[in-house]
Amino acid sequence: MRVMSAHLTDPFLLGELLPGFEYSDREAAAKNIMSGYAWTFWDNEEPIAVMGAVQLHDKCVSVWSVMAKDIKKHPMFLHKNMLKIIDELLGQFDRLQSMVDVGNDVAFKHNLAMGFLYEGTLRKSGYHGQDQVIFGLVRGNDGC
């Protein structure tokens, strides 16, 4: 297993991870993430997850991830490497934040496991007008 760090130049990789990810969603996601950082997690030749960060301003980034359906095969590999990336980002930025669709319990728990704190609900903030919850991780607070 390996992690590759780069700008995400192939937004359609998201489609490989999420076959149900509609073209318009990929296009919108690609537009937002092309200006940021991205890390691809691989199991041999298969991408198992993509994690990225989009800089909102000089002290804050929005962190996102897309994971394959069979992600449970690699929980420690992903957890350990995602924490390294989070530590790297906290060395450069004062705040990391993440938004998750309301009802996505797996992503909610994943953010908590990564050390993010639940901060509230953002009404109608998703691509399709769905409510989302926001998580934050601030350097110097919360044990960081």
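Values for this structure:
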read-out: Residue selected from region 132-144 under the condition out of contact with any strand residue (DSSP E or B) (no Cβ under 6 Å at 6 or more places or on another chain) and at negative phi, by the criterion modelled with the highest pLDDT; value: 139
read-out: In region 103-121, the residues that are farther than 17 Å from residue 50 by Cβ and surrounded by 15 or more Cβ atoms within 10 Å (Cβ to Cβ); value: 108, 115, 116
read-out: Selection count, region 70-90, where residues are out of contact with any Cys (no Cβ under 9 Å at 6 or more places or on another chain) and free of Cβ contacts under 8 Å to residues at least 24 places away in the same chain; value: 8
read-out: Residues being touching a helix residue (DSSP H, G or I) at 6+ places or on another chain (Cβ under 9 Å) and either farther than 16 Å from residue 83 by Cβ or assigned to a helix (DSSP H, G or I) (or both) - total across region 111-124; value: 2
read-out: Which numbered condition residue 100 fails, given (1) free of Cβ contacts under 8 Å to residues at least 40 places away in the same chain; (2) closer than 15 Å to residue 64 by Cβ; (3) surrounded by fewer than 15 Cβ atoms within 10 Å (Cβ to Cβ); value: (3)
read-out: Matching residues, region 72-84, being crowded, with 16+ Cβ neighbours inside 10 Å, more than 11 Å from the chain's Cα centre (by Cα) and within 24 Å of residue 132 (Cα to Cα); value: 78
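The values are calculated or read from the model by the stated rules, or taken from the named source; none is laboratory data. Every value quoted in this text rests on a predicted model; they were computed, and no experiment measured them. Quick reminder, even Gly has a Cβ in these numbers, built from the backbone with ideal geometry, and neighbours come from all protein chains shown.
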